[in-house]
Amino acid sequence: VQHAERPGAVPTAPDEAAPQAGAGTGDWRDDELAAAWTSGDRLEELLTLPRRMTADLLAHADPEVRRILDVGSGPGAFLAAALARQPQAVGIWTDVSGAMCAIAQSRLAAVGERVTFRLADAADVAEVAAPGSLDAVLTSRMTHHLDAEGLATFYADAAGLLGPGGWIANIDHVELGEPWAGRLATARLDLIPPNPSPHRHDRPHPTLDDHLHALQRLDDVEVAVPWRAYATVLVLARRR
Ligand SMILES: C[S@@+](CC[C@H](N)C(=O)[O-])C[C@H]1O[C@@H](n2cnc3c(N)ncnc32)[C@H](O)[C@@H]1O
């Protein structure tokens, strides 16, 4: 099935939401789509702030952040921002796409010695590292591919990888509902043109409430939403 987030509505994330033949989630593995989406990504500037906010937060964390996982990392910019701020930390890059892995290996060359690259589906994130062995799990623009139940499972699995005081940071697009979804999507086009190589979405994005409810179902987790712009949010959670 190919459709935008809300059929008939102006999409909340016009860089990514328009339907395109053959551009489904699995097609992230396609070399051409991965390269075209990456070079057409117009959100990099907007995302500089939430990535930097997360990196600074982790830099001030106690206990010190030493092991960082990025899930659905794609070209790797979120992981790169965190590692740049944490010279002593190591990173695990994961993504379902080998095509994205090649792009990330090139883009992360400056910190490459500190990064392990692993192809993995987010559904299998629990197997990427030992339980309790990580200090932070990052993810960006990936969880909108999940339904609400998949999102809850992802957060629970990610939390299981964290030691006490560990962090989850998720930058993603959320479903807003009308009339604000259309208004903000239209207004955003003035600042941020659409990605000329969008990818397909098979269902509406989870709402911010879906994110918050999923995290609140976990024991001993503190949650905050310290940044949002248009329909994109930074959701943070910290294990006590
Ligand atoms: C829109 S890109 C975002 C890339 C990067 N996180 C960023 O924000 O720049 C989505 C990425 O998620 C990956 N992805 C999509 N579904 C996935 C899944 N189920 N498991 C792991 N990665 C997935 C894609 O391969 C792609 O690299």
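The values are calculated or read from the model by the stated rules, or taken from the named source; none is laboratory data. Everything numeric in this text was worked out from a predicted model, so none of it was measured. Cβ sites come from the backbone with ideal geometry, for glycine too, and all protein chains shown count toward neighbours. Just so you know, the surface numbers come from the protein's heavy atoms only, side chains and all, with ligands and any DNA or RNA stripped out. Shrake-Rupley method; radii C 1.70, N 1.55, O 1.52, S 1.80 Å.
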Problem - Tally, over the range 109-118, of residues that are aliphatic (A, V, I, L, M) and touching a helix residue (DSSP H, G or I) at 6+ places or on another chain (Cβ under 6 Å) - result: 1
Problem - Candidates 196, 204, filtered to the one that is outside any helix (DSSP H, G or I), out of contact with any Lys or Arg (no Cβ under 8 Å at 6 or more places or on another chain), within 22 Å of residue 73 (Cα to Cα) and open to solvent by 50 Å² or more (accessible area, probe 1.4 Å) - result: 196
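Can you confirm whether residue 212 is in contact with a strand residue (DSSP E or B) (Cβ under 8 Å, 6 or more places away or on another chain) and assigned to a helix (DSSP H, G or I)?
So residue 212 passes the test.
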Problem - The listed residue being at positive phi, loosely packed, with under 14 Cβ neighbours inside 10 Å and modelled with pLDDT of 95 or more, out of 76, 132 - result: 132
Handout entry: Residue within the range 227-234 that is open to solvent by less than 10 Å² (accessible area, probe 1.4 Å) and aromatic (Phe, Trp, Tyr) present
Key = no
Fill in the blank from the handout: residue 50 fails exactly one of (1) part of a strand (DSSP E or B); (2) of a type outside the set (D, E, K, R); (3) more than 9 Å from the ligand (Cβ to nearest atom), namely (1)
